[in-house]
Amino acid sequence: MPFEFNQRNLILCEGSHDRAFFRALLSHLGLTKFQTTSPDEVLGARGGNTQWGRTLAAIIGTRKFETLDGLIIVVDNDDNPKQAVLSAQRAIITSPVFAGPPKRKIRRPQRTMFSTKGPPKVAIVPMPAVGQPGALESLCIQAAQTVVPATVIGCADQFIRCNGIDQWTTSKQAKVKMRAIIAASHKRNPEMTLSKLWEQRPDLVPVADPVFADIAAFLRAF
Amino acid sequence: MISSLEIQNFRAFSKLRVSDLCRINIVTGSNAAGKTSLLEALLLGSRAVPIMVPYLNSMRGIPGVTIIGNHAAFQNQDSFYAHWRGIFYDLDLTRKLSIRTIDSEKVTRELKISYSGEIQQNKLFVVNLEIPFVFEQMKNGKVTVRLNVTVNQSNVQAHEVVSTILGPVLAFFPANSTYPETDNVSWFSALSAFNKEHGILEFVQKYFPEIKGLSVLAPAQIQSIWGDVGGRKLPMGLISSGLHKFMTLVLASFVIQNGVIVIDEIENGIHYEKYPILWNVLYELCKLNNNQLFASTHSLECLRAIGPLIERDNKDFCLLRTRIEGEEVKLRQVGGDALGPALSGQSEVR
């Protein structure tokens, strides 16, 4: 299916996992005027944050761009939160002008979790949080710890230590740990990915968990 | 090249202004969203002669008129008014119709059509003659041609003879008509006279390599272009209507210089595998002869085929997207820098 606008606000994530999380969170919050997408959906090509520029250009070229009220770019901080935000900001600066009428330019937010004037208003939301290394999975683990048996969490930690994964970056450690937790908790389909989690086992990472409160509050206020 | 276009009270548009037009302008939009109207505005604004009014309508299949050369004979007086009413926005004759272009040399050309309903007394024949429409060509703000257009007792559209077109030279290819072979023969002959017809053959072979030669033949005293396919000559239209269309577009783009090529529903009759060749050839010829192209399409496949060209030279391309908003037809323009990535991916751009 081609990518097109069906809501007034767009959340642009790096990939299908973040997209699935935001869909679940928006549904929980009852926020209906948002849609989610990612570079793989818009461009048909993988690449996450390396594709921000082309993705934004393609979004501007998509039918009904002029109806867009707001754009949220969700960046994974990984191990360099500053660089992650900078790469999104750079893509915004170099994004094409929509010739219109009315003429529109996507404005660069000066800081994260802050909306520019619109339309479209623009914000950058870093994951797991402003200035912290990691990714969506870092938050998901915290939420999972409140519902998954402690033994599963302990074994996942041990698995990471035994395999020397604790030498990997924070973001990658979180991804491995989250996969281990899902695999251990979902006998029917241990290979289930995060992108299917909120469809098949939403109880494993409850989006109502307080760890997601800041993001939820930002979306409500956007 | 036309750099901006302003339309007032023509067909679907009450008011429309589009600037920063490119060498290749692709027009998209749903049915009844004004794509053809936009292209017609270019044709009417360029030729700017009264015969174009019934001509535009007859291209859309509106009955009640027979056009032979520069003469339009209407079925009755009502048909005449219906045809002329049809070009006004909302069919409202009280509005003043205007089509204005500014080219890259800053030359302004404007066609104005208004309904006067003025009655002139013809003293010689002691009859009252209604002058319904006033037709004005303007260049850089000055009226260069002013005509009264009426219909005579034989239901023939009548006005003084006008030979000047407002310009630029424009070739228009409608969506639903067979392209006239007379133009093809004329264009081909013009090239052949200077031994340049091999250039056409090279382009035609890109599309259909089996064609080994082209010639104008008139076996039944009707001239047409024939293609040599494996030692046997056949009329090009008989070989393939898609090939015939392609050849026509190539001929027009080859012969016309510093002009405008307008193609409504460019994808019609063309196999999807040929879209990249079609775009490549048209773009190459447009650059070669400094022509400008306006082409409408409904086909996403056809649009995607132009993506690689846009990615290479995005400044030469833009998309004009027409859309009905409320009761108005609006137009949004997207530059090649956004269109290229959108087409290379999964976006709905139409």
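The values are calculated or read from the model by the stated rules, or taken from the named source; none is laboratory data. Since the model is a prediction, treat every value here as computed from it, not as a measurement. Cβ placement follows ideal geometry from the backbone for every residue including glycine, while neighbour counts extend to all protein chains displayed.
Do you know which of the residues in segment A:41-62 that are hydrophobic (A, V, I, L, M, F, W, C) and surrounded by fewer than 24 Cβ atoms within 10 Å (Cβ to Cβ) is farthest from B:Asn314 (Cα to Cα)? Among those residues, the one meeting the criterion is A:Ala45.
When A:Ser38 is tested against (1) surrounded by 22 or more Cβ atoms within 10 Å (Cβ to Cβ); (2) over 23 Å from B:Arg332 (Cβ atoms); (3) touching a residue at least 60 places away in the same chain (Cβ under 8 Å), exactly one condition is not met: (3). Kindly state which strands (runs of 3 or more DSSP E) lie completely within segment B:201-283 and contain at least 3 residues that are under 23 Å from B:Ser299 (Cβ atoms), among the basic types (Lys, Arg) and free of Cβ contacts under 8 Å to residues at least 12 places away in the same chain. Correct list: empty, since no element meets the threshold.
Pairs are defined by a Cβ separation below 8 Å, a sequence spacing of at least 6 or placement on different chains, a first member in segment A:173-192 that is within 12 Å of A:Glu137 (Cα to Cα), and a second member that is assigned to a helix (DSSP H, G or I) and acidic (Asp, Glu); the pairs so defined are A:Gln173/A:Asp166; A:Ala174/A:Glu137; A:Lys175/A:Glu137; A:Lys177/A:Glu137; A:Lys177/A:Asp157; A:Met178/A:Glu137. Counting residues in segment B:329-338 that are part of a helix (DSSP H, G or I) and among the small types (Gly, Ala, Ser) gives one or more.
Looking across segment B:301-343, the residues that are at the interface with chain A (Cβ under 7 Å from one of its Cβ atoms) and either farther than 21 Å from B:Glu40 by Cβ or among the charged types (D, E, K, R) (or both) come down to B:Arg321, B:Arg332, B:Val334, B:Gly335, B:Asp337, B:Ala338, B:Leu339, B:Pro341, B:Ala342.
Restricting the search to segment B:179-202, which residues are of a type in the set (Asp, Glu), closer than 11 Å to B:Leu214 by Cβ and touching a strand residue (DSSP E or B) at 6+ places or on another chain (Cβ under 8 Å)?
Here is the first cut: in segment B:179-202, the residues of a type in the set (Asp, Glu) are B:181, B:183, B:197, B:202.
With the extra rule that they be closer than 11 Å to B:Leu214 by Cβ, the set shrinks to B:197, B:202.
Once the filter is applied, which keeps residues that are of a type in the set (Asp, Glu), closer than 11 Å to B:Leu214 by Cβ and touching a strand residue (DSSP E or B) at 6+ places or on another chain (Cβ under 8 Å), segment B:179-202 yields only B:Glu197.
Among the candidates B:Val281, B:Val260, which residue alone is at pLDDT 95 or above, more than 10 Å from every other protein chain (Cβ to nearest Cβ) and surrounded by fewer than 23 Cβ atoms within 10 Å (Cβ to Cβ)?
Details: B:Val260 fails: surrounded by fewer than 23 Cβ atoms within 10 Å (Cβ to Cβ).
Only one candidate passes the filter, namely B:Val281.
Take the conditions (1) touching a residue at least 12 places away in the same chain (Cβ under 8 Å); (2) among the polar types (S, T, N, Q); (3) more than 14 Å from chain A (Cβ to nearest Cβ); B:Ser3 misses just one of them, which is (3).
Are there any pairs, at least 6 apart or on different chains, whose C-beta atoms fall under 7 Å, with the first in segment A:60-79 and touching a residue at least 24 places away in the same chain (Cβ under 8 Å) and the second assigned to a helix (DSSP H, G or I) and charged (D, E, K, R), and if so, which? From segment A:60-79, the pairs are A:Val74/A:Asp18. Filtering segment B:263-272 to residues that are at pLDDT below 95 and of a type in the set (A, V, I, L, M, F, W, C) leaves only B:Ile270.
Of all the residues in segment B:247-275, those that are over 22 Å from B:Ile165 (Cα atoms) and over 16 Å from the mean Cα position of the chain (by Cα) number 8. Among the residues of segment A:4-40, those identified as within 20 Å of A:Lys196 (Cα to Cα), over 11 Å from the mean Cα position of the chain (by Cα) and within 14 Å of chain B (Cβ to nearest Cβ) are A:Gln35, A:Pro39, A:Asp40. Across segment B:134-177, the number of residues qualifying as among the aliphatic types (A, V, I, L, M) and more than 30 Å from B:Leu282 (Cβ to Cβ) comes to 11. The criterion of at least 1 residues that are within 16 Å of A:Leu10 (Cα to Cα) and either within 14 Å of chain B (Cβ to nearest Cβ) or modelled with pLDDT under 95 (or both) is met, among helices (runs of 4 or more DSSP H) falling completely within segment A:41-159, by A:52-61, A:81-93. Among the residues of segment B:169-176, are any in contact with a helix residue (DSSP H, G or I) (Cβ under 6 Å, 6 or more places away or on another chain), in a loop (DSSP other than H, G, I, E, B) and either over 26 Å from B:Gly61 (Cα atoms) or modelled with pLDDT under 95 (or both)? For segment B:169-176, residues in contact with a helix residue (DSSP H, G or I) (Cβ under 6 Å, 6 or more places away or on another chain), in a loop (DSSP other than H, G, I, E, B) and either over 26 Å from B:Gly61 (Cα atoms) or modelled with pLDDT under 95 (or both): present.
I'd like to check something: does segment B:305-321 contain any residue that is buried (at least 22 other Cβ atoms within 10 Å of the Cβ), within 25 Å of B:Glu210 (Cα to Cα) and either within 20 Å of the chain's Cα centre (by Cα) or in contact (Cβ under 8 Å) with a residue 12 or more places away in the chain (or both)? Yes, there is a match, as at least one residue in segment B:305-321 is buried (at least 22 other Cβ atoms within 10 Å of the Cβ), within 25 Å of B:Glu210 (Cα to Cα) and either within 20 Å of the chain's Cα centre (by Cα) or in contact (Cβ under 8 Å) with a residue 12 or more places away in the chain (or both).
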